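Everything below concerns the one structure shown next.
Read-outs: derived from the displayed coordinates by stated rules, not from any lab. Since the model is a prediction, treat every value here as computed from it, not as a measurement. Cβ placement follows ideal geometry from the backbone for every residue including glycine, while neighbour counts extend to all protein chains displayed.
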Amino acid sequence: MEIAPLAITPVSMSATSHLGETQEPKEVKNFGQYLTDALKKTNGLQLESERQNALLAAGRIEDVSQVVIAAKKAEIALQLTLQLRNKAVTAYQEIMRMQV
């Protein structure tokens, strides 16, 4: 008895509103794109924090809370990124230890 693999065909989806308009399907991002976007946002927060610090050092900012908030946002984003990296490395190491 021969077992044939499943043939998965891409499904095109479209939605129709109650007004009869056709809505375009949303673009689906893959994991790599989400990861790239997240790293770009983290980098942007770090750059904004550095810019705020430079402006504070130059005496151009009167409200110090803006600088503190920007620094905390950058710190939290960096900590989250590092924790995600650590979890990914741990998962990879666990998979490599599995016996097949």
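Some notes on this structure:
- Straightening the chain between Gln83 and Gln99 buys 3.1 nm, computed as 0.36 nm per residue apart minus the Cα-Cα spacing.
- With both labels modelled 7 Å from their Cα along Cα-to-Cβ, the Lys40 to Glu2 distance reads 4.7 nm.
- Gyration tensor verdict on segment 17-100 (Cα atoms; rounded if a/c is under 1.5, prolate if a/b is larger than b/c, oblate otherwise): oblate
- Potential lengthening of the chain between Glu75 and Thr90 amounts to 3.2 nm, from the contour at 0.36 nm per residue minus the alpha-carbon distance.
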